[in-house]
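Working notes, beginning with the structure itself.
The values are calculated or read from the model by the stated rules, or taken from the named source; none is laboratory data. Bear in mind the structure is a predicted one, so any value in this text is a computation, not a measurement. Quick reminder, even Gly has a Cβ in these numbers, built from the backbone with ideal geometry, and neighbours come from all protein chains shown. Keep in mind that these areas ignore ligands, DNA and RNA; they rest on the heavy atoms of the full protein, side chains included. Shrake-Rupley method; radii C 1.70, N 1.55, O 1.52, S 1.80 Å.
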Amino acid sequence: MEEKNNNINNGYVSYMQLGKSSGFDVIRNIIDSHEDASVFCDVDFVIRYYNSACISLVGGNINLLLGNNLFDSFPDFIFKQNVDLIVDAQKNGEMCKFDCKIEHADGVFDKYRVEGGLFSDGMFFKIHKEQQIESLSQANFKMLFESMTSGFMYIKPVVGLNGNISDHIVLDVNSAFEILFGLEREQIIGKSIKLIDKDFDVVWIKRFGRTAMTGHSFSGKFYHHLYGKYYEFKSYSPAKGYTAVIINDMQAQLEARNELMVKSEISKAFALGTSISLYKIILDLLLKHTKSDKGFLGYIDESLQKLCCPAVCGNISGDVVPKNMINDFAAILDIKSNPILNVCITQLQAVEYQDCDMCGEFAKYSIILPVINDDKPVGIIAISNTIGNYTSKEKNFIISLANYIASLMAAEIKERNYKLQIVAEKERAERNERLKTAFLGNISHEIRSPLNVILGFCDVLLKSNNLTQKQIKYINVIFNSGRQLLEIVESMIDLSKIQTMQVRVIEDVMDLNKTLSEVMDKGLRWSEEKNLSLTCVKGLDDGQSKIIGDKYKISKIVYMLVNNAIKFTNKGGVEFGYKVENDKLKFFVHDTGIGIHKEQYKDIFKSFQQLEKVLTRQYRGVGIGLTICKGFLDVMGGSIWLESELNKGSTFYFTIDYKPVNK
């Protein structure tokens, strides 16, 4: 053992170096001063002294301590499992540090940090139990401080063997801390404060240490020469041995309070103001807080290169205000011809000048400031007074207000332009609609008139007895084609009225049975051409079939459904009619045609929809008949639906209110 002692140099402290005549008294005083478990043993690892904190580690059995071997006295996980590390430290005269832990039956771990080294004629060990608290990296603790606008630092003191705190290790910081000091987490976590910032005030190092050890909180100001700012520190201990520090940039707080005052005043002005415009409220607020007597506030119209000023205080000279803008703007200024406005807007900087003309009167001092949103000028603030230069506080107020209203002005400009665009589009749409209506009306007259003449003469010719069969055939072709063209023109006009919401319901007394008979007469000619049967079922006797209704629309709907049924039926027949059901007239049109797939039900009533998509079309029509039917029924308060089976046929139903003439 003597040979070992002769080789001891690093970490060795002799009695004489301690400056005490009695070395063991010094050892006892040092050990007793530690709150952590501390023990001193000789070179043979026999325990010579310990403090009260060691007793709990040996289960309260003090007989295991004094005079016993270090490795046998304490739980195995502390010393016995690290015997090689300890012996090597003793042999080489070095400090040794290691962590150890034990798991209890409930799954909870106790963690310990052990530090030891040569001391006097033996070895001194300090056993520190880690606090079982949630670290800042855990979700709930992290969320609590990460959302703070103040900087937050979570630290643990560095305690030497003499019990003094010389530094702190940073365990975590929040995002606000990174922003405050321009550092990233990776540059901070796990490092000591002195290593991160060598100029950090030693007084606060000690205060943080006292907070960690005693739980005493501190608050105060600290001027940092490197950053040239005053910071406010507040420290508290969430658990013994740890310190949480909240840091605020006092300059930022001042600016935040100033901005809050601005917002509060604007909100108050909004609450009190009723008919006064937003710009007038803001200008009045600006003049009040800067002791100004003249000024204006306006936004930039990029398309016109003008400054439109809804709020003016004073006699400002500018362009003549257009009549359609007289209620919106007190003045309009040309940007290009005004050098001061041009500098503000193009260079995005404020202009200050003295002894000048402002708003038509002498001004001692004036400031013109651009209002900037997303690095883009959206407006101008201009104020002046007859007193003198503005104070820094007043200038800060102007800047704060300009920053605050920038987004408001940008939104207001966007909304104004949107409204102007809506008005322009509405006027354009109304103009186009008028032209479309006039065109369709002209088409209706110009096409239907000659077609009716052609159809009339065809009818006269067909009634003549002097025609050959070939001539009759040709005349029928002319008649059918003309009638088809007339139907298409009338359907396009009806569709246009439906789409432009110009359809009106015109109800009068009508004979429902007679109307269906007219449809029957028209349909017979088509059905006979295809050798199809056509049957009409009337739900009322002729004496009871008079109702109040829109004859044109009811006739048109039945006509189009029967026309479609005949068109898409190649064999069998078509049956149509109506019945009275629950104060409703329920119409039906049934055919034995090609049928409709269920997937196509939802599209069948859309414009220009036909079921057949092959190149060679087998069925005539433009695909708007069902759209017109639904459009008419919508304005009449009715409904339409269908039932169909592919290759077996379809049945269309529609209902309208039953309004009999004779109840």
Tally, over the stretch 520-532, of residues that are touching a helix residue (DSSP H, G or I) at 6+ places or on another chain (Cβ under 7 Å) and under 26 Å from Val580 (Cβ atoms): 2
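Here's the yes/no breakdown for (1) modelled with pLDDT under 85; (2) open to solvent by 50 Å² or more (accessible area, probe 1.4 Å); (3) of a type in the set (Asp, Glu); (4) under 20 Å from Met409 (Cα atoms):
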position	(1), (2), (3), (4)
Asn327	yes, yes, no, yes
Asp334	yes, no, yes, yes
Leu348	yes, yes, no, yes
Phe362	yes, yes, no, no
Taking the stretch 170-193 and keeping residues open to solvent by 50 Å² or more (accessible area, probe 1.4 Å) and touching a Lys or Arg at 6+ places or on another chain (Cβ under 9 Å) leaves Leu171
Across the stretch 404-463, the tally of residues that are in contact with a Phe, Trp or Tyr (Cβ under 6 Å, 6 or more places away or on another chain) and either closer than 30 Å to Ile282 by Cβ or in contact (Cβ under 8 Å) with a residue 60 or more places away in the chain (or both) stands at 2
Going through the stretch 592-624 one residue at a time, which ones are modelled with pLDDT under 80 and of a type in the set (D, E, K, R)? Lys602, Asp603, Lys606, Glu612, Lys613, Arg617, Arg620
Among residues of the stretch 214-244 being free of Cβ contacts under 8 Å to residues at least 60 places away in the same chain and closer than 17 Å to Val159 by Cα, the residue most open to solvent (accessible area, probe 1.4 Å) is Thr214
The stretch 53-99, residues that are surrounded by fewer than 16 Cβ atoms within 10 Å (Cβ to Cβ), small (Gly, Ala, Ser) and touching a strand residue (DSSP E or B) at 6+ places or on another chain (Cβ under 9 Å): Ser56, Gly67
Could you count how many residues in the stretch 392-432 are open to solvent by 70 Å² or more (accessible area, probe 1.4 Å) and of a type in the set (Ser, Thr, Tyr)? 2
Among Thr627, Thr651, Thr655, Thr569, which is in contact with a Gly (Cβ under 6 Å, 6 or more places away or on another chain), among the hydroxyl-bearing types (Ser, Thr, Tyr) and either at pLDDT 95 or above or not in a loop (DSSP other than H, G, I, E, B) (or both)? Thr655
Among the residues of the stretch 495-530, write down those that are touching a residue at least 40 places away in the same chain (Cβ under 8 Å) and in a loop (DSSP other than H, G, I, E, B). Thr500, Gln502, Val503, Arg504, Val505, Ile506, Glu507, Lys530
Got a sec? Which of Glu146, Glu130, Glu134 is modelled with pLDDT under 90, open to solvent by less than 40 Å² (accessible area, probe 1.4 Å) and either of a type outside the set (S, T, N, Q) or under 16 Å from Trp204 (Cβ atoms) (or both)? Glu130
Search result, residues across the stretch 235-273 that are under 35 Å from the mean Cα position of the chain (by Cα) and at pLDDT 75 or above: Ala244, Val245, Ile246, Ile247, Asn248, Asp249, Met250
Taking the condition of a type in the set (Ser, Thr, Tyr), under 26 Å from Leu451 (Cα atoms) and touching a Leu at 6+ places or on another chain (Cβ under 8 Å), does Ser491 pass? no
The correct count of residues that are within 18 Å of Gly122 (Cβ to Cβ) and among the hydroxyl-bearing types (Ser, Thr, Tyr) in the stretch 43-87 is 3
